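Data first, discussion second: the structure below is written as structure tokens.
The values are calculated or read from the model by the stated rules, or taken from the named source; none is laboratory data. Since the model is a prediction, treat every value here as computed from it, not as a measurement. All Cβ positions, glycine included, derive from the backbone under ideal geometry; neighbour counts span all protein chains shown. Calculation scope for accessible area: heavy atoms of the full protein, side chains included, ligands and nucleic acids excluded. Shrake-Rupley method; radii C 1.70, N 1.55, O 1.52, S 1.80 Å.
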Amino acid sequence: MVFILDAMKFPEGFLWGTATAAFQIEMGRGEVDPNSDWYVWAHDEDNIRNGLVSGDLPENGPGFWELYPEDLKRAKEKLGNNAFRMSIDWSRIFPDPTWDVPVEVTFDPDGNICHVEVSEESMRLLERRAHQSSVQRYREILEECRRLGLTVLLTLYHWPLPLWIHDPIACRDDVFHATRRGWIDQSTVIEFSKYAAFIAKTFGDLVDVYATINEPMVVSGAGYLNKKSGFPPGLENIDLFIRVSKNLAIAHGIAYEQVKRWDRVSSSNYGPAYVGIVHCPQYYEPYDKDSKDDVEAASFVEYIQNEWFLNMVLKGDFDLNIDRIIDRDEQRPNLAKGCDFIGINYYMRNRIKAAESKIPGFPGFEIVPCTENCTDMGWEIYPWGLRYELNWAYKLYRRPLMVTENGIADAKDEKRSDFLLSHIREIYKAITEDGVPVKGYFHWSLIDNFEWARGFKMKFGLYKVNYETKERTPTKAVQVYKQIATASLH
Ligand code: BGC
């Protein structure tokens, strides 16, 4: 292995890190945050009874909220990392509504929000309204990262919404009469812009690299098209899916502008504000390459999952009838505000088979279950797909890329080391042979954590967590990652 690693020299300044999300790791020690939709969703007895969620509870998690100093030390010393991806939970910062903090909202002629102006006076109100102990704790975590020399990639929104914005149970039960409907309503975009402005102003001296939204297509797809995913609010409605996706695309642009405006302080080579989005293009392939129907179904899934959203954010192409043709009234360059890099979360290959359509006008499909090289999630390991997706994203959008997630649920710790090495090799080839500008790699995840609807059973951590004692134990891949990261740090 040493030979292989020696042969890989990554570009200077390459970021080596792990990726985490607030809700998945924080609780378990210290202050519990019961004020988000995901908290309520995971506790809901109907959801648990119906098997939509596991019944595991986030407050029994790894306890990063208090144990962060030792976890960050692991990242630095045991993994040899120089970066760390984390998120802030909106509901920890604003447990109570910010509706009444005044901002100036501009709409375009079609009624889309195209600009939000947060004044200095409104910022002062937000500062008074923010939950001080959370602000303080996030500062401590970010300061610790800086002290250790870990460049932070901060995600503003990694899925939980404050309850005052989204009541997932009311929406699940009767969305058309619910009042707090999350991303269905444009008002959430306005509140998100206040939150983004506040975060950039408050933590801008410690953060330069931001991701506005994590995997918007999972928020809209899992939440509004696939009840079985166990994601809030558990609906299957194509119109709502389109509406939520569109609002998320607009929200990215609006938040992008806020971060650029409010973070003026540089703390690294990326500074002051290098702002992107985190997307999750996976590798899709027709199950039977000779079947016209399978080929068509795979091509549709690839378009909707990989391309459709990024086209809105980066090109202003809002293909809202999903016919792959951008009509005149679907061109909205005014809503594409910018995206300095694209985060790529890559996990698997999916083989797609044509099936009966559940949505009139759209090809039906099913994902063929994994039979070989599968992870505990039932995802097929396919490293070359990462090289393919990096090439694909760069060719289409011409932005620098970061691999913001890539990892494996592997309770027995049998496949993780190979997984890590084989995927990193593909990134290396994408950089050196294909000329794709990849700026960093963040392995999912530093420690085992709360895997959303699947709970604690899925073990993604480079460190295993004993949820009783909160003790962390290294997996075999820790050594491997350390060798890779340190070999290529200049
Ligand atoms: C998400 C993480 C999640 C991981 C593994 C990504 O989709 O961003 O929050 O835990 O995949 O499922």
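Restricting to region 398-421, give me the number of residues that are within 14 Å of the ligand (Cβ to nearest atom) and within 30 Å of L314 (Cα to Cα). Within region 398-421, residues that are within 14 Å of the ligand (Cβ to nearest atom) and within 30 Å of L314 (Cα to Cα) number 7. Considering region 108-149, and only residues there that are part of a loop (DSSP other than H, G, I, E, B) and open to solvent by 10 Å² or more (accessible area, probe 1.4 Å), the residue that is nearest to T188 (Cα to Cα) turns out to be G111.
In summary, I304 fulfils each of the numbered conditions (1) more than 17 Å from R399 (Cα to Cα); (2) within 16 Å of the ligand (Cβ to nearest atom); (3) not charged (D, E, K, R) with the single exception of condition (2).
For region 428-470, which residues satisfy the criterion of being among the basic types (K, R) and more than 26 Å from I48 (Cα to Cα)?
Initially, region 428-470 is screened for residues among the basic types (K, R), giving 429, 439, 454, 457, 459, 464, 470.
Of everything in region 428-470, those that are among the basic types (K, R) and more than 26 Å from I48 (Cα to Cα) turn out to be K429, K439.
Every residue, every condition in (1) closer than 20 Å to E45 by Cβ; (2) in a loop (DSSP other than H, G, I, E, B); (3) of a type in the set (A, V, I, L, M); (4) in contact with an Asp or Glu (Cβ under 6 Å, 6 or more places away or on another chain), yes or no:
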position: W159; (1), (2), (3), (4): no, yes, no, no
position: A170; (1), (2), (3), (4): yes, no, yes, no
position: W183; (1), (2), (3), (4): no, no, no, no
position: E191; (1), (2), (3), (4): no, no, no, no
position: A196; (1), (2), (3), (4): no, no, yes, no
position: T202; (1), (2), (3), (4): no, no, no, no
position: D205; (1), (2), (3), (4): no, yes, no, no
position: V218; (1), (2), (3), (4): no, no, yes, no
position: G234; (1), (2), (3), (4): yes, yes, no, no
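Picking from residues in region 476-490 that are hydroxyl-bearing (S, T, Y) and open to solvent by less than 10 Å² (accessible area, probe 1.4 Å), the one that is farthest from the ligand (Cβ to nearest atom) is S488. Every residue in region 372-405 that is open to solvent by less than 60 Å² (accessible area, probe 1.4 Å) and of a type in the set (D, E), please. Passing the criteria: E380, E389, E405. Restricting the search to helices (runs of 4 or more DSSP H) fully inside region 16-74 and requiring at least 2 residues that are within 16 Å of the ligand (Cβ to nearest atom) and of a type outside the set (D, E, K, R) gives 22-25, 37-43.
If you filter region 424-461 down to residues that are under 30 Å from K227 (Cα atoms), of a type in the set (A, V, I, L, M) and assigned to a loop (DSSP other than H, G, I, E, B), you find that the one that is farthest from the ligand (Cβ to nearest atom) is L446. In the set P437, P360, P369, only one residue is surrounded by fewer than 16 Cβ atoms within 10 Å (Cβ to Cβ) and closer than 28 Å to G338 by Cβ; that residue is P437.
Residues that are away from the ligand (no atom under 16 Å from the Cβ), in contact (Cβ under 8 Å) with a residue 24 or more places away in the chain and hydroxyl-bearing (S, T, Y): does region 386-393 have at least one? Let's see the steps before the verdict.
Within region 386-393, the first condition is being away from the ligand (no atom under 16 Å from the Cβ), and the residues that meet it are 387-388, 390-393.
Keeping just the survivors that are in contact (Cβ under 8 Å) with a residue 24 or more places away in the chain gives 387-388, 390-393.
So of that shortlist, the ones also hydroxyl-bearing (S, T, Y) come out as 388.
Yes; the residues of region 386-393 include at least one that is away from the ligand (no atom under 16 Å from the Cβ), in contact (Cβ under 8 Å) with a residue 24 or more places away in the chain and hydroxyl-bearing (S, T, Y).
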